[in-house]
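This structure is in structure tokens; I'll ask about it shortly.
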Amino acid sequence: MEPSSQPSELHWVEEMKPFTEADWDKCMEVFGQHRFRDEMYGSWLAETEEERKLRELADQYHTRCDYFDKGLLPYDGEDRGRMNANALRVRDKIIQQGLSMGFTREQVEQAIRDHARGIG
């Protein structure tokens with residue numbers, strides 16, 4: 001395709017040039033602009049107050065369970081049962097805390113699952 005047949009907004013490249021540090025600096029200048037971030041990633045990724053509270057509940061659940069589990073190192077056969085019983089107790093307390101904040105059981109449980117998968 002000839003350069004003249006390209007649309008005006010496209011630029012014809014006749015030769016490859018190495019990507020320089022100056023090129024990198026220019027890219028970082030453009031990428032760092034607030035407008036670009038909003039257009040690229042969107043403001044829809046901003047965490048809502050509800051999402052923040054659910055995430056904090058899930059963080060609390062996993063932190064408390066991990067703390068208990070680490071206290072049992074090294075594990076033996078009975079420790080799995082203790083870990084599971086503790087996780088259920090902690091989950092029930094976190095769910096009660098979530099209910100008192102206006103969340104449903106399902107919302108809290110989903111937040112805990114999302115946190116475990118690295119989503120929340």
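The values are calculated or read from the model by the stated rules, or taken from the named source; none is laboratory data. Note that the structure is predicted; figures quoted are calculated from it, not measured. Neighbour counts are summed over all protein chains in view; Cβ atoms, including those assigned to glycine, are modelled from backbone coordinates with ideal geometry.
Answer yes or no as to whether Gln97 is under 25 Å from Lys53 (Cα atoms), touching a Gly at 6+ places or on another chain (Cβ under 8 Å) and either among the polar types (S, T, N, Q) or in a helix (DSSP H, G or I) (or both).
no
How many of the residues in region 57-88 are in a helix (DSSP H, G or I) and surrounded by fewer than 13 Cβ atoms within 10 Å (Cβ to Cβ)?
11
Okay, moving on. Just checking, which of Leu45, Leu88 is among the aliphatic types (A, V, I, L, M), modelled with pLDDT of 95 or more and within 26 Å of the chain's Cα centre (by Cα)?
Just one listed residue meets the conditions, Leu88.
Now for a separate question. Filter region 57-72 down to the residues that are in contact with a helix residue (DSSP H, G or I) (Cβ under 9 Å, 6 or more places away or on another chain) and free of Cβ contacts under 8 Å to residues at least 40 places away in the same chain and list them by number.
Listed by number, the residues that qualify are Gln60, Arg64, Cys65, Phe68, Asp69, Leu72.
Kindly indicate whether Asp69 is under 26 Å from the mean Cα position of the chain (by Cα), at pLDDT below 95 and within 23 Å of Ile119 (Cβ to Cβ).
Taking the combined requirement at face value, the residue satisfies it.
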